[in-house]
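What follows is calculated from the coordinates using simple rules that are stated; it is not laboratory data. Note that this is a predicted model, so its numbers are computed, not measured. Note that we place each Cβ from the backbone using ideal geometry, even for glycine, and neighbour counts take in every protein chain shown.
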Amino acid sequence: MQLKRLYHRVLDDNGLPVQEYARDAAGDIIIDKATRIAKARLKIMRDEAGAAIVRGVLVERLPLHDAHKFSPRLIEAGKAEGWLTETDKKITIHCALSGNIVFKKVAAPGRQCNHCGLSLPGTQDDPSGSVARRHVADEHPDAGVANDYDVRNYYLTKLEA
């Protein structure tokens, strides 16, 4: 799945988009070497902190398979920009043109026991994994499987029809 952010553009008095020149790190205008023309781009509206104002997203190339993964960082950015909402059981992307796309949460980031499915403390709460190893040793002593628990740094979801 590919998300494309749509930004608010700065308009002039006639309602036309304002262009600004692209600049390098030193602040100099970038000139195209082949055409010798200054590179211009449409000016984007920014908030008081200087962050670009997002007006929505487009979802491109949405695979129709069941499993989709969302990083916690993408979830937080989407909520902050207003194009994503999250509940205990669902993640909803509010698309600019095609409406809402809803995903059901299957598993949250963290560790999960492969024997009983119990959610265990994640990498931030238990960096060494000692709680997960202790759980497997205490609750499943006869297991003897090399991969007793999974570690996920993403939300595992299913696309709802």
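Roughly what would the spin-label model give for LEU6 and GLU160, points 7 Å off Cα along C-beta, in nm?
2.3
Take ASP148, ASP13, ASP24 and order them by how many other Cβ atoms sit within 10 Å, fewest up front.
In order of increasing Cβ crowding within 10 Å: ASP13, ASP24, ASP148.
Which percent, to the nearest 5, of DSSP beta bridges fully inside segment 29-161 are antiparallel?
Details: 25 of 26 bridges.
The answer is about 95 percent antiparallel.
Could you please report the charge total around PRO63, scoring K, R as +1 and D, E as -1 over all other residues with beta-carbon less than 13 angstrom from its beta-carbon? Before the final figure, lay out the partial values.
Values: positive: ARG61, LYS69, LYS158; negative: GLU60, ASP66.
Net local charge, PRO63 excluded: +1.
Determine the relative contact order of segment 1-88: mean sequence separation of Cα pairs under 8 Å and six or more apart, normalised by residue count, in whole percent.
Reported as a whole number, the value is 33 percent.
Once the other residues with Cβ under 14 Å from the Cβ of TYR7 are scored (Lys, Arg +1; Asp, Glu -1), what is the net sum?
Once all neighbours under 14 Å are counted, the net charge is +4.
So for the pair HIS115, ALA49, with labels modelled 7 Å out along Cα→Cβ, what separation do we get in nm?
With each label placed 7 Å out from Cα toward Cβ, I get 4.5 nm.
What's the lysine pair count for the chain at a Cα cut-off below 22 Å, pairs eight or more apart or interchain?
Close lysine pairs under the 22 Å cut-off: 25.
What percentages, rounded to whole numbers, describe P(r) for segment 1-61 computed over all alpha carbon pairs with 10 Å bin width beginning at zero?
Taking all Cα pairs of segment 1-61, the binned fractions are 19, 35, 35, 11 percent.
Could you tell me the relative contact order of segment 65-161? Use alpha-carbon pairs under 8 Å, at least six residues apart, and round to a whole percent. Write down the numbers at each step before the final one.
Working: 147 pairs, mean separation 37.0, N = 97.
With pairs under 8 Å counted, the relative contact order is 38 percent.
What does the convex hull of the Cα atoms of segment 65-161 come to per residue, in Å³, rounded to a whole number?
It is 111 Å³ per residue.
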